[in-house]
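The values are calculated or read from the model by the stated rules, or taken from the named source; none is laboratory data. Please read all numbers here as calculations on a predicted model, not as lab measurements. Here the Cβ is made from the backbone with ideal geometry for all residues, glycine too, and neighbour counts use every protein chain on show.
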Amino acid sequence: MSCKQMGKQSICFKNPPVISGAASIVGEKEGEGPYGEYFDKIETDPKVGGETWEEAEGKLQEEAASMAIRHAGITKKDIRYMVAGDLLGQLMASSFGLAEMDIPLFGVYGACSTMGESLGIAAMIVDGGFAEHVVAITSSHFASAEKQFRFPLGYGNQRPKAATWTVTGSGAVVLSRSVRKEEILEKEQISSRARAEKGKVKVKGITTGKIVDYGVKDNMNMGACMAPAAGEVIVQNLVDFGYKPEYYDKIITGDLGKVGKDILIDFVEAKGYDIRKQYMDCGIEIYGEEQNVQAGGSGCGCSAVMLTGYILKMLERGEWNRVLFVPTGALLSQVSFNEGNSVPGIAHGVVLERF
């Protein structure tokens, strides 16, 4: 077995990729929440100058990707690949939004866990030596998600307490090859680059999730669908790496919300781990109590903008040193739900550490 493989589902990178640039763009509602000051841009036009909700989401992705590349101090010509996805059919936001960037693209779908999936794939590409710089990106939009998965906005349906509010936003990161020790000894200019990496964040490892289906069929209670999958990944990460929960300053899920949070804590505790002190959920955090979002935020953009807007800044400042980032996804479609199928869940763990 390669030394990179850890346990049953994890990878420890030999040369951990560094996050050299990141960007977050959110909608007006998200900007009014408790983390508004951390986001790079608050977009007040819900259609972002376009004619449709789907076009708007694509524009969010294009702008977030371009901004992250600028923050990395490089140009789009330096990007070898993009790993992108969204919630829409045939990855509509990514496909149309990123087309004009003229960069080779891997389209991925992990529902709301897509930021974890794209980060994991991008990190393997960089660590494997197949690219110097790779962009990982995803997005969601409240109106496009409601239109596809639930009801037209004009319908005005009542939302139950377990329901979540799809975040309008896009988060992008640039993963770059980190400097190897032997290179630092060889070249002074690379040594300067190594010094510049101090305070940056590296992707130390990943734990890829499995599909977990507990038979939940309520598409207005995504937290209950996803919580077991998140629990499985968190426990497997701790087992594969031989860590205790205390190793991490924070264990952060994507969008379980208030209902899913309680299920997750009970699930993990039944496996012998107490994560209460470290635990945080992006969906609970992104909106304030007064914003009337029921159980919290959701969507691909939820964990993506919290990562690029808040979590990375806390790591870069040294407030935290180690984070297990676990975006969560509910794997349903219009067809599967209308045919009466249950809603399986999936989650992907990403180990983030400060240099």
(request) Go through the stretch 31-48 and count every residue that is surrounded by 15 or more Cβ atoms within 10 Å (Cβ to Cβ), free of Cβ contacts under 8 Å to residues at least 40 places away in the same chain and outside any strand (DSSP E or B). (result) 4
(message) So PRO152 ticks every box in (1) surrounded by fewer than 23 Cβ atoms within 10 Å (Cβ to Cβ); (2) modelled with pLDDT of 95 or more but one. Which box is left unticked?
(response) (2)
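Would the stretch 84-96 turn up any residue that is farther than 30 Å from GLN334 by Cβ, modelled with pLDDT of 95 or more, in contact with a strand residue (DSSP E or B) (Cβ under 7 Å, 6 or more places away or on another chain) and of a type outside the set (Phe, Trp, Tyr)? Let's see the steps before the verdict.
If we filter the stretch 84-96 for residues that are farther than 30 Å from GLN334 by Cβ, which is where we start, we get none.
There is no residue in the stretch 84-96 that is farther than 30 Å from GLN334 by Cβ, modelled with pLDDT of 95 or more, in contact with a strand residue (DSSP E or B) (Cβ under 7 Å, 6 or more places away or on another chain) and of a type outside the set (Phe, Trp, Tyr).
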(message) Please count how many residues of the stretch 235-254 are part of a loop (DSSP other than H, G, I, E, B) and acidic (Asp, Glu).
(response) 1
(request) Filter the stretch 317-355 down to residues that are part of a strand (DSSP E or B) and among the small types (Gly, Ala, Ser) and give me whichever is nearest to GLY85 (Cα to Cα). (result) GLY329
(request) Select from the stretch 63-87 the residues that are touching a Pro at 6+ places or on another chain (Cβ under 9 Å) and touching a residue at least 60 places away in the same chain (Cβ under 8 Å) and list them in ascending order. (result) ILE79
(request) State which residue is farthest from SER342 (Cα to Cα) when the search covers only the stretch 197-230 and only residues that are modelled with pLDDT of 90 or more and basic (Lys, Arg). (result) LYS200
(message) Looking only at the stretch 290-313, filter to residues that are over 18 Å from the mean Cα position of the chain (by Cα) and part of a helix (DSSP H, G or I); which one of those is surrounded by the fewest Cβ atoms within 10 Å (Cβ to Cβ)?
(response) GLU290
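Find the residue count for the stretch 255-274, including only residues that are outside any helix (DSSP H, G or I) and either over 20 Å from LEU307 (Cα atoms) or of a type in the set (Gly, Ala, Ser) (or both). First the steps, then the outcome.
Our first condition is that a residue be outside any helix (DSSP H, G or I); within the stretch 255-274, this holds for 255-256, 271-274.
Within this subset, residues satisfying the condition of being either over 20 Å from LEU307 (Cα atoms) or of a type in the set (Gly, Ala, Ser) (or both) are 271-274.
Summing the residues that are outside any helix (DSSP H, G or I) and either over 20 Å from LEU307 (Cα atoms) or of a type in the set (Gly, Ala, Ser) (or both) in the stretch 255-274 gives 4.
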(request) Given the conditions (1) farther than 23 Å from LEU312 by Cβ; (2) surrounded by fewer than 17 Cβ atoms within 10 Å (Cβ to Cβ), report the number of the one that LEU88 does not fulfil. (result) (2)
(message) Please go through (1) closer than 20 Å to CYS302 by Cα; (2) at pLDDT 85 or above; (3) surrounded by 24 or more Cβ atoms within 10 Å (Cβ to Cβ) for ILE121 and return the number of the only condition it doesn't satisfy.
(response) (3)
(request) Mind listing whichever residues of the stretch 199-234 are among the β-branched types (Val, Ile, Thr) and either part of a strand (DSSP E or B) or surrounded by 24 or more Cβ atoms within 10 Å (Cβ to Cβ) (or both)? (result) VAL201, VAL203, ILE206, THR207, VAL212, VAL233, ILE234
(request) Can you give me the number of residues within the stretch 130-145 that are modelled with pLDDT under 95 and either among the aliphatic types (A, V, I, L, M) or not assigned by TED's automatic domain parsing to the domain that holds ALA163 (or both)? (result) 2
(message) Going residue by residue through the stretch 312-332, is there one that turns out to be small (Gly, Ala, Ser), in the same structural domain as TYR279 (by TED's automatic domain parsing) and modelled with pLDDT under 90?
(response) no
(message) Checking the condition outside the structural domain of THR328 (by TED's automatic domain parsing), more than 21 Å from PHE142 (Cβ to Cβ) and part of a helix (DSSP H, G or I), which residue from SER66, SER20 passes?
(response) SER66
(request) Test each condition in (1) farther than 19 Å from CYS112 by Cα; (2) assigned to a loop (DSSP other than H, G, I, E, B) for TYR287 and report the one that comes out false. (result) (1)
(request) Have a look at GLU100, GLU51 and point out the one that is over 17 Å from the mean Cα position of the chain (by Cα), surrounded by fewer than 17 Cβ atoms within 10 Å (Cβ to Cβ) and in a helix (DSSP H, G or I). (result) GLU100
(message) What's the total number of residues in the stretch 108-132 that are within 24 Å of LEU256 (Cα to Cα) and either in contact with a Cys (Cβ under 9 Å, 6 or more places away or on another chain) or of a type outside the set (D, E, K, R) (or both)?
(response) 13
(message) Could you check the stretch 269-297 and list, in sequence order, the residues that are charged (D, E, K, R), within 30 Å of GLU28 (Cβ to Cβ) and without any contact (Cβ under 8 Å) to a residue 24 or more places away in the chain?
(response) GLU289, GLU290
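Quick check: is even one residue across the stretch 41-62 among the hydrophobic types (A, V, I, L, M, F, W, C) and within 13 Å of THR308 (Cα to Cα)?
At the first step, the residues of the stretch 41-62 found to be among the hydrophobic types (A, V, I, L, M, F, W, C) are 42, 48, 53, 56, 60.
Cutting the leftovers down to within 13 Å of THR308 (Cα to Cα) gives us none.
Among the residues of the stretch 41-62, not one is among the hydrophobic types (A, V, I, L, M, F, W, C) and within 13 Å of THR308 (Cα to Cα), which makes the answer no.
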